[in-house]
Structure formats: C-alpha cells, structure tokens
Amino acid sequence: MSNYHIKNLEEYYQVYRKSVQEPGDFWGEVAEEHFLWHKQWDQVLEYDFSLPMVKWFDGAQLNITENCIDRHLLTKGDQTAILFEPNDPTEAAQHITYQELHERVNQLANVLKSQGVQKGDRVCIYLPMIPELTISLLACARIGAVHSVVFAGFSSMALASRINDSTCKIVITSDGSFRGKKTIDLKSIVDEAVSTCPCVDQVLVVKRINSDIVMQEGRDQWLQPLLDKASKVCAPEIMEAEDPLFILYTSGSTGMPKGMVHTTAGYMVYTAYTFKNVFQYKANEVYWCTADIGWITGHSYIVYGPLANGATTLMFEGVPSYPDYSRFWEIIEKHKVNQFYTAPTAIRALSKESLSYVEKHDLSSLKVLGTVGEPINEDAWHWYNDNIGKKKCPIIDTWWQTETGGVMISPIPFSTPTKPTYATLPMPGIQACLMDAEGLPITTSPAEGNLCIEFPWPSMARTIWGNHQRYKDTYFSAYPDKYFTGDGALRDEVGYYRITGRVDDVIIVSGHNLGTAPIEDAINEHPAVAESAIVGFPHDIKGNALYGYVILKETGTTRLHDNLRKEINQIITEHVGPIAKLDTIQFTEGLPKTRSGKIMRRILRKIACKEMSNLGDTSTLLNPEIIDSIIEGRLG
Ligand code: WT7
C-alpha cells in the first residue's frame, strides 16, 4: 500500500488512520518519496494554534517549479503540459509540452529578473485565461517572487486595493481579453488602477487581442520583445519551505479582502497529493478544470497540483455559452477529457438548456466528474450524473476554501461511495469536527454544527498579508485551538459531511465568494444613499443572489427609483466588479439594528426569502417597529 495513491476504501481508512495517529511520519513519507528537495527538513511539523503559528517541513529547501517542470523533462519532455483551448473554437488549440513550458517559464523568469524583480517581491498578475497566465505564476515561483493573481473580472478599484495592500512593484497584464462575443479592455482597467498605486513602477503587457492601446512611456512594455531576447535557462531560486509562494485575496465578512498567504513546501505537497487522489489521474490522461486561475481552484488544480503530477492540464479561455451552450461538451469530445471539474452554478445553468447540446457530443472519455465552490443541490447532482457521466463517472463534491489551499472533504472516486449533495469524507490528514451552539465539539452522529478543523494540514494559509491579528481573529478565535471554516455542516451516521453553507456574512454567488462589506461600502458611495445592507437569497442558477436594502438620504425623493437602482449597480460594478451586482434593491426607511448598532441580517435574510412568519427573536432590536414597514415594502 502506498500513502500517496489510495486505490480503495479500505486503503483510505488505513491511510486516514495513519495520517491522524502519526501525522509527521505520514506527511514526511509522502514528501520524501514524491518530491525533489535541495535539503531535508529538520522537522515535519511545528505548530501552535493559539498564536497561530504553523510550519511544515521547516528547514527544507526546494523550488516548486523544479517539482512541477524540471523533474518531468527526462520522461515527459514531449508530453503536453498545458493544453490551451482558445475562446474562438476556430482558432487552433495549443499543446505546450513540458519542454516548451520549461523554456517559456525560464524566459519570463529572466525578464522579471532583468526588470529588477527579486526574491520576495510581489508581482500582480491580471491576465485572462491564456498560457501566459500559468507561465507568469511559474516564472514568479522560479525566482522566488510572490505572485498575487487578481481575477480579471475585478474592477480597477478592486485591483488597485489589492495591488496596494501587498505593495506589488510590477503588474503583468494584456491588451485585452476575449470572452465569448465580447472583448474586454484589460489594459485601461490596469491604467486606471495603477494611477492610484505608487508602489507600481512597471507594467508588462501580453498581446492577445491586438487592440490599439495606450502604452505609458517609461512604465509599460510589451512582453514579447523582452521574451525574445531572454535566455531559456534560469536556475531556480532555492527557497525555504516556509517562504511565501503567493498571496490570493478572498472576501471576508467585514472590511478589505484578506490577502491569504500560502507558503511553498506544504502547499506543494498537499495540492499534489490531493490532485492525485481526488481525480485519480493516470499518466497520459487529459484533465480539465473550468475555473479561472484568478481563484484558488485554478492555482491549486489547474497549475500546481496537476503539474506537480506531470499531468496534462487543459486551460479554457472562453465561456460555456459561446458559440453556444454545447461548448463544454464539445471541448470534452475534442480533447478526450478524462477528468472534468466545474462549479454547481455552471451545471445548473447548462442543465436549463436543451439536452441536445449534450447529446450531440461523445463524452465517453470521461471518468471522473468534480464540483466545487458551493453546495450542489440534488437536481443538479442528478443532471450531472445522468447526462454528463451517464451514471458511470463518480461525482466528487469537493469542499475546500481559498484559506485551505487544497481539497479538504471529498469522495475518492472508485473508493468512496458517493451520496448526492454530500462532500463525504475528510482527506487524509484532515481532522474535521462539528461544534455545537455552546462551542463544544459534537462527538455523536448524525449531527449538525459549525465546521472546524482541529489539526494543521500542509496547505493551510499561514497568515493574512500584513495583518496576522486578523488571521487569528477570523479563523482561530471562535473556538480555541481550532480552525473555524465559516461554514455549517451536517454529518450523517456513517460520518459523511454535507456542507450547508456559510454561517457568516459571506455570500456565495455563482460560486464567487462575496463579502457584504465591500458591496455595502460601494453602495454607500452613491450621493443619494444613507445606508445599506446586503443579504443573500436563493437563486435557481446562481445558488444565491444578492438582495440589497437601501436607505436614501432624502425620503420621498423625486428621483426615479429605477434610475437609482441602475446607478447603484453601476457603482458596485466600478468598486467591486459586475459579479457583485444586486438582483433586487428595496428602498427602506430603516434597518433592524441591535442596541449596539449592529444590523440584524438574520431578519433581513428571512424577509428577502419571504419567510416572514418565523423571524425569530427580535427582542434585542432597538427599532422593532421598522420590521413591519420592511415586510410591507417586500410584499408591495
Ligand atoms: C467557500 C470557500 C475552494 C475553491 C472555491 C471556493 C463554499 C466550496 C464547496 C462544496 C459546499 C462549498 C464554502 C466555502 N464551498 N466548496 N463542495 N460544497 N460549499 O473557494 O472562494 O474561498 O470559497 O465556498 O462555503 O467556505 P472560496
């Protein structure tokens, strides 16, 4: 039996037991047998959740790109590493071999060096889903620079605040992006952002859409001419195990997005390990994850996990609806995809379209189907199982988070019997537990409670960039000595977990994690708005949609409410991005508040969901009378 590759349920239980009883030995063996190190660690794990402090493989030295690229060259140099499928189906797909990836990563690494980027410097990457995006991440890792990828759907203000928070000195972007029928002018978004970022002195621009853009003298440079001059050899920077690899921002329930810091060795070991087991990937197969690399799913399971296993990882530039709703299925047939990983929101959207889009394609190459990002409802699960997997492909409902770095709870296909809507069992090394309302662990099953993790795992985020206190407060304060996930969960009699959703003020819309605070801050910027509160309510396709309660400064204003609604969504688009637009806006005279001035979102959530009969305890409200008027507005 190998710790690294689990092949049946009995092995899973054996491996799991070992990972809990002897975590140091377990992860030490995995790390030693499957990766390339320049120096061994002194200790596998050192930790103290009360600080919190977590160190994996401390003392070891490595470079993650050697593990993801160089070590495959001898055996897989000519195998496709990145299979790029462009937005336009008539444009040829690109097969980038491990050899070519090696050269291109090294060239870009040399360009970054020549532009003054050094180990530890932060590099912001704002690119569409093109090969240069993956190559940029790896080029940073090659020279020990810390990448901070910002999803290219975020607005210039959202981009600027992320650049400034981690003081990136350089931005890599493109002249634009293709998205279905549309093109998006990314460069002007960057221009606007960078005008408020004193830390940035350079912008490198990839040519993708051939648009006419303005290049600012002394700051902006086209990337290609620099690459053409760069050497294809770049010695990897030798990194310490706990050196930061990247920063990735995620929404919190309050304040500025949190720059989660992931470090090198533990992240590498865990993403590689989970990729192998969760997808049961075998040599020469084609794996496709439809996420954007701007999210953690893309970092861990398009780039690092697959490449660390020498896999062929497909990158898709476009959208599922272009040129029509058969695009995903067409790509699966065209490239004979074996493992397919997507989000419930995509499944729900595609299941609403005619089945003929699916039926005209041969999906027989598929072996494993995955989902991630939000709870998958029973209907979507069955549609996926029946029509895409033809009941032959296990569905792995993978639960995890930006903060966890890798998959935490998931079936292991062909080993764990699946159960619709259940993420099932924790991965080896993951000690999940449920906490009751009194803050005590629930030891019996079935049960429902708040989901925590009791023990460190290798790919956990180590801190929030520049704010360790916030890291402690957010994740390690609700329950002493436990990592609190922010999610609620059920556990059935055999120990399977079902994630029920966020228990904090984070709302998941179409699989995107949105904090209420930045959206409310944006709305409050509107000159007519006094105050606002956002809650989520169930939506057929998006999972949740956003419902906004808005108090205007002047009541009885003569301005048309419909115009105001448009303007409010416009402001949200500018400050956060189009993904955060509100579906419904209700103007109200007040918001239910506690005596300490906190908005009682629980009540607003119920009203948005039209569950007025059971509003729960309202006795602590300062202004209980407001509720009737809000209900009237909701129904009226
Ligand atoms: C939140 C984390 C992990 C990559 C994508 C999201 C929700 C994630 C599931 C799932 C139910 C899920 C949780 C979690 N979530 N996967 N399989 N079932 N909920 O990363 O943006 O950091 O969001 O997504 O609520 O806390 P993220």
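The values are calculated or read from the model by the stated rules, or taken from the named source; none is laboratory data. The structure presented is a predicted model; accordingly, all values stated were derived computationally and were not measured. Here Cβ is always computed from backbone atoms with ideal geometry, including for glycine, and neighbour counts include all displayed protein chains. All accessible areas refer to the heavy atoms of the entire protein, side chains included, with ligands and DNA or RNA removed. Shrake-Rupley method; radii C 1.70, N 1.55, O 1.52, S 1.80 Å.
Below are the figures for this structure:
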item: Complete set of residues in the stretch 341-394 that are β-branched (Val, Ile, Thr), within 11 Å of the ligand (Cβ to nearest atom) and open to solvent by less than 10 Å² (accessible area, probe 1.4 Å); result: Thr371, Ile376
item: Test: residue in the stretch 523-546 that is basic (Lys, Arg) and within 16 Å of the ligand (Cβ to nearest atom); result: yes
item: Matching residues, the stretch 26-61, being at positive phi and touching a helix residue (DSSP H, G or I) at 6+ places or on another chain (Cβ under 8 Å); result: Phe57
item: Members of the stretch 232-241 found to be surrounded by 13 or more Cβ atoms within 10 Å (Cβ to Cβ) and out of contact with any strand residue (DSSP E or B) (no Cβ under 7 Å at 6 or more places or on another chain), listed by number; result: Lys232, Cys234, Pro236, Glu237
item: Enumeration of residues in the stretch 497-518 that are in contact with a Lys or Arg (Cβ under 9 Å, 6 or more places away or on another chain), more than 9 Å from the ligand (Cβ to nearest atom) and outside any strand (DSSP E or B); result: Asp505, Ser510, Thr516
item: From the options Ser629, Ser596, residue that is without any contact (Cβ under 8 Å) to a residue 12 or more places away in the chain and either hydroxyl-bearing (Ser, Thr, Tyr) or open to solvent by less than 90 Å² (accessible area, probe 1.4 Å) (or both); result: Ser596
item: Residue in the stretch 468-479 that is surrounded by 19 or more Cβ atoms within 10 Å (Cβ to Cβ), more than 20 Å from the chain's Cα centre (by Cα), away from the ligand (no atom under 14 Å from the Cβ) and on the phi < 0 side of the Ramachandran plot present; result: no
item: Which numbered condition Glu132 misses (of (1) closer than 22 Å to Leu101 by Cα; (2) open to solvent by 30 Å² or more (accessible area, probe 1.4 Å); (3) within 24 Å of the chain's Cα centre (by Cα); (4) without any contact (Cβ under 8 Å) to a residue 60 or more places away in the chain); result: (4)
item: Residues within the stretch 62-109 that are in contact (Cβ under 8 Å) with a residue 24 or more places away in the chain, touching a helix residue (DSSP H, G or I) at 6+ places or on another chain (Cβ under 8 Å) and among the charged types (D, E, K, R), tallied; result: 4
item: Which numbered condition Ser136 misses (of (1) assigned to a helix (DSSP H, G or I); (2) over 21 Å from Thr167 (Cβ atoms); (3) polar (S, T, N, Q)); result: (2)
item: Matching helices (runs of 4 or more DSSP H) fully within the stretch 547-636 where at least 2 residues are within 25 Å of Ala158 (Cβ to Cβ) and over 29 Å from the mean Cα position of the chain (by Cα); result: 561-575
item: Matching residues, the stretch 158-181, being more than 21 Å from Val111 (Cβ to Cβ), under 20 Å from the mean Cα position of the chain (by Cα) and not polar (S, T, N, Q); result: Ala158, Leu159, Ala160, Arg162, Asp165, Arg179
item: Some residue of the stretch 421-437 being away from the ligand (no atom under 16 Å from the Cβ), open to solvent by less than 10 Å² (accessible area, probe 1.4 Å), touching a helix residue (DSSP H, G or I) at 6+ places or on another chain (Cβ under 9 Å) and closer than 30 Å to Ala31 by Cβ; result: yes
item: Whichever residue in the stretch 67-92 is in contact with a Lys or Arg (Cβ under 9 Å, 6 or more places away or on another chain) and more than 22 Å from Lys282 (Cβ to Cβ) and, among such residues, is least open to solvent (accessible area, probe 1.4 Å); result: Asn87
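Here is a yes/no grid of residues against (1) out of contact with any strand residue (DSSP E or B) (no Cβ under 6 Å at 6 or more places or on another chain); (2) modelled with pLDDT of 95 or more; (3) under 26 Å from Arg142 (Cα atoms); (4) not β-branched (Val, Ile, Thr):
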site: Lys181; (1), (2), (3), (4): yes, yes, no, yes
site: Val214; (1), (2), (3), (4): yes, yes, no, no
site: Asp243; (1), (2), (3), (4): yes, yes, yes, yes
site: Ser251; (1), (2), (3), (4): no, no, no, yes
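Matching residues to (1) modelled with pLDDT under 95; (2) in a loop (DSSP other than H, G, I, E, B); (3) among the β-branched types (Val, Ile, Thr); (4) open to solvent by 30 Å² or more (accessible area, probe 1.4 Å):
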residue: Gly28; (1), (2), (3), (4): no, no, no, no
residue: Trp37; (1), (2), (3), (4): no, yes, no, yes
residue: Glu46; (1), (2), (3), (4): no, no, no, yes
residue: Gln99; (1), (2), (3), (4): no, no, no, yes
